[in-house]
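First comes the structure, then the notes that go with it.
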Amino acid sequence: MDVTDEPPPSLEDLPTLSLEIFNIVKSSHAQHGLRHGDYVRYRQYCTRRLHRIRKSVGFIQTSGTKGKFAKKVLEPHLTKQDKHLLLPLYAAERAWSYAMALKREASAAEPRPRYHLQHRLNKAARFSSELRALCASRADQRTALEAEAYNGFMLGNMYLEREEWAQALRHLRRTRTICKELCRVSTTDMVHLYTQVVEEVEPSIRFCAYNLKRLGQSSGADDGMDADDDGVDDLLA
């Protein structure tokens with residue numbers, strides 16, 4: 001039988017992966033430009049980091065038949081190392097930092113840069129969703145929760161830029177809820193990371209709630225565990 005015809009390995013036979021998502025993200029931010037708000041430098045770092053990771057795990061994008069580009073998709077059965085999870089993480093970070101750089105330069109009078117900004121936030125949200133799905137099937141519970149919170153942050157930013165306040169509020173509250181719960185069950189050196197994420201999303205949560213109130217729409221409960229956190233209880237159980 002040809003090697004290509006072999007069935008993929010069972011996920012149960014693969015090792016459980018682990019990744020400190022917020023620790024990696026915050027460390028990368030601090031060391032590669034975001035301490036000074038340099039999003040361009042950080043995006044360049046993410047590009048270099050992605051290239052190095054792809055080479056180290058042998059997941060290089062190559063041309064398909066007749067020279068056409070054929071994107072390699074990271075499937076759960078191909079995710080065998082912790083480093084594999086860094087691929088969608090840094091892809092999301094690169095798209096997000098590009099969007100933040102565009103946001104600094106954009107103005108309301110220029111629709112094209114604003115469209116480009118939203119497109120990059122869409123990509124960041126898509127890559128973070130890929131990370132969440134991979135972690136849900138291949139990683140330990142803490143990593144899966146961090147990926148869920150990270151995905152909520154990226155989706156919240158995307159909807160915030162679209163001015164879809166209810167959707168943004170739902171996802172940002174989800175991030176806040178998970179991080180608050182992780183604070184309760186984590187060691188001291190990790191608590192400050194989750195607290196930092198909660199502090200970062202709080203202004204956006206209040207801004208979304210304000211806009212919904214201004215439009216005469218309900219923003220739901222004001223605490224972390226509200227009706228918009230469907231599914232979080234199961235993750236935290």
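In segment 97-186, the portion of solvent-accessible area held by carbon and sulfur atoms comes to 47 percent [1.4 Å probe, whole percent, DNA, RNA and ligands not counted]. For the pair Arg206 and His29, the difference between a 0.36 nm per residue extended length and the Cα-Cα distance amounts to 61.3 nm.
Once the 1.4 Å probe is applied to the protein heavy atoms, segment 130-174 comes out at 33 Å² accessible per residue. Cross-link pairs exceeding 24 Å in C-alpha to C-alpha distance, out of Lys72/Lys180; Lys71/Lys123; Lys103/Lys123, comprise Lys72/Lys180. Taking a point 7 Å out from the Cα of Gln118 in the direction of its Cβ, the residues of segment 163-199 whose backbone N falls within less than 20 Å of it are 163-172.
Taking segment 146-183, which GluC sites (Glu not before Pro) meet the DSSP loop condition and have no more than 11 other C-beta atoms within 10 Å? Please report the intermediate quantities before stating the final value.
Numbers: sites: Glu146, Glu148, Glu161, Glu163, Glu164, Glu181; in loops: Glu163, Glu164.
Counting only loop positions with at most 11 other Cβ atoms within 10 Å, the GluC sites (Glu not before Pro) in segment 146-183 are Glu163.
Relative protection proxy for 125-137, 24-36, 75-87, from highest mean packing down: 125-137, 75-87, 24-36 (other beta-carbon atoms within 10 angstrom).
The values are calculated or read from the model by the stated rules, or taken from the named source; none is laboratory data. Quick caveat: nothing in here was measured; it's all calculated off a predicted structure. Glycine also receives a Cβ, built like all others from the backbone with ideal geometry; neighbour counts cover every protein chain displayed. In case anyone asks, the SASA skips ligands and DNA or RNA and just uses the protein heavy atoms, side chains included. Shrake-Rupley method; radii C 1.70, N 1.55, O 1.52, S 1.80 Å.
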